[in-house]
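Written out below as structure tokens is the structure these notes cover.
The values are calculated or read from the model by the stated rules, or taken from the named source; none is laboratory data. What you are looking at is a predicted structure, and each value in this text was computed from that prediction instead of being measured. FYI the Cβ positions are ideal-geometry reconstructions off the backbone, even for glycines, and counts take in every protein chain you see.
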Amino acid sequence: MLPEYNCIIKAAIDILLEGNHDLRVLHIAGDDNAVADVLSRSQFMRALVLQPEIRIRAFQPYVRVDQRQLPPMLQPPQETLGVELS
């Protein structure tokens, strides 16, 4: 049985297919991109230490994604954990 596709990725692909977009994905190692590395691990306070000016906000899925279909780990947070969320 194949795994289900991530609904956020599916929505992003829909946007790319509807428009005339050119997408290029490059991998930058975490050692060379520390802020992105800690953000990808949900270490928001560490990101603030590395980049004090950073503004971290709750992710709002594309309007075509029904938030009720998102797995719990992708749903917007219910509390701010001391980080500005707007």
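Structure notes:
- Going through (1) in a loop (DSSP other than H, G, I, E, B); (2) surrounded by 12 or more Cβ atoms within 10 Å (Cβ to Cβ); (3) at pLDDT 85 or above one by one, Leu39 falls short only on (1).
- The residue pairs whose first member lies in segment 1-27 and is closer than 17 Å to Pro71 by Cβ, whose second member is at pLDDT below 80 and assigned to a helix (DSSP H, G or I), and whose beta carbons are closer than 9 Å, counting only pairs six or more residues apart or on different chains, are Asn6/Leu74; Cys7/Gln69; Cys7/Leu74; Ile8/Leu74.
- Residues of segment 6-36 that are surrounded by 11 or more Cβ atoms within 10 Å (Cβ to Cβ) and of a type in the set (D, E, K, R): Lys10, Asp14.
- On the stretch given as segment 28-43, residues that are touching a residue at least 12 places away in the same chain (Cβ under 8 Å) and β-branched (Val, Ile, Thr) total 2.
- Looking across segment 42-79 at every residue that is among the small types (Gly, Ala, Ser) and modelled with pLDDT of 85 or more, the one that is surrounded by the fewest Cβ atoms within 10 Å (Cβ to Cβ) is identified as Ser42.
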